1. Is it true that ALA186 is under 22 Å from PRO137 (Cα atoms) and in a helix (DSSP H, G or I)?
2. Looking at (1) modelled with pLDDT of 95 or more; (2) within 16 Å of the ligand (Cβ to nearest atom), which one does PRO57 not meet, given that it meets all the others?
3. For GLY234, only one of the following conditions fails: (1) over 26 Å from ALA113 (Cα atoms); (2) in a helix (DSSP H, G or I); (3) touching a residue at least 24 places away in the same chain (Cβ under 8 Å). What is its number?
4. Restricting attention to segment 111-140, and to residues there that are farther than 30 Å from ALA92 by Cα, aliphatic (A, V, I, L, M) and more than 13 Å from the ligand (Cβ to nearest atom), which single residue is surrounded by the fewest Cβ atoms within 10 Å (Cβ to Cβ)?
5. Given the criterion part of a strand (DSSP E or B), more than 16 Å from the ligand (Cβ to nearest atom) and either at pLDDT 95 or above or touching a His at 6+ places or on another chain (Cβ under 6 Å) (or both), identify the matching residue among ARG102, ARG13.
6. Working carefully through the options THR144, THR74, find the one that is within 30 Å of ARG180 (Cβ to Cβ) and of a type in the set (Ser, Thr, Tyr).
7. Is it the case that segment 194-212 has a residue that's in a helix (DSSP H, G or I), free of Cβ contacts under 8 Å to residues at least 60 places away in the same chain and touching a helix residue (DSSP H, G or I) at 6+ places or on another chain (Cβ under 8 Å)?
8. Report yes if LEU158 is in contact with a Ser or Thr (Cβ under 6 Å, 6 or more places away or on another chain) and assigned to a helix (DSSP H, G or I), otherwise no.
Amino acid sequence: MSATRGLIADVIRFSAVDGPGNRFVVFLQGCDFNCLACHNPHTIPAGSRAARWRTVPELVAQVRATAPFLSGVTVSGGEATRQSEFLRDFFAALHENEQLARLTRYVDSNGDAPRSVWDTLLPVLDKAMIDLKALDPDLHIRLTGRPNDHVLHSIRHLAAHGKLHEVRLLLIPGVNDDDRTLTATAAWLRDVDAGIRVKVIGFRQHGVRAAGRRWPEATPEQVAGWADTLSAAGLTGIDAI
Ligand code: SF4
């Protein structure tokens with residue numbers, strides 16, 4: 001088994017919100033975005049005193065200890081694809097392990113990875129969940145500090161290979177939730193795949209830095225209204241939380 005090391009910000013042994021079923025979740029340290037709405041800003045720097053280096057066998061042993069109760073493993077972040085070699089070797093080790101091969105292997109990503117990275121991951125990856133912070137390139141840069149061209153290509157590329165689990169839209173009242181933005185986003189997603197799964201997530205201030213806390217939290221009524229607007233624009237696979 002590969003002894004590649006990954007820098008791990010945290011591990012959750014059981015999660016019901018990071019993909020389907022009950023999942024072991026690994027949060028990798030380091031992110032190329034700097035989102036104002038980030039709920040885990042301590043995972044953004046490439047290094048952190050709280051983060052720990054772990055080898056693939058060490059992490060696989062942790063998964064094995066809870067495997068009977070798991071549906072799968074999700075690698076999140078930070079940005080999981082920044083440590084793509086570790087991610088590939090970890091998933092390959094799970095896939096090759098007789099006891100662990102039944103666990104589904106998911107990535108939760110901001111999508112800012114080139115095609116070459118996805119192509120090394122596709123053979124060992126079951127599905128990816130991709131955040132689309134904004135379809136408009138300028139708004140995307142204002143929200144994340146980075147352009148969205150890789151993100152849009154990632155969504156198309158993963159969908160074309162049957163590896164896209166869902167696209168996640170974090171909607172912030174007064175920032176990226178107007179009808180025109182939602183309708184344009186729905187049209188773009190429909191063009192990728194008319195039945196694409198879309199999770200609508202209302203902004204919450206928990207864990208967010210001061211610059212993002214100036215924005216109001218989304219109400220349940222707003223989230224329901226956004227889901228209705230996206231559905232009216234032709235998306236059929238909407239889930240709203
Ligand atoms: S992509 Fe995710 S982890 Fe990275 S800064 Fe944005 S919200 Fe935080």
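1. Judged against the criteria, ALA186 is a match.
2. (2)
3. Exception for GLY234: condition (2).
4. LEU139
5. Result: ARG13 is the single residue among ARG102, ARG13 that is part of a strand (DSSP E or B), more than 16 Å from the ligand (Cβ to nearest atom) and either at pLDDT 95 or above or touching a His at 6+ places or on another chain (Cβ under 6 Å) (or both).
6. One residue alone meets the criteria, THR144.
7. No: segment 194-212 contains no residue that is in a helix (DSSP H, G or I), free of Cβ contacts under 8 Å to residues at least 60 places away in the same chain and touching a helix residue (DSSP H, G or I) at 6+ places or on another chain (Cβ under 8 Å).
8. Judged against the criteria, LEU158 is not a match.
The values are calculated or read from the model by the stated rules, or taken from the named source; none is laboratory data. Model, not experiment: these values are computed from the prediction. So basically every Cβ, Gly included, is an ideal-geometry build from the backbone, and we count neighbours across all protein chains shown.
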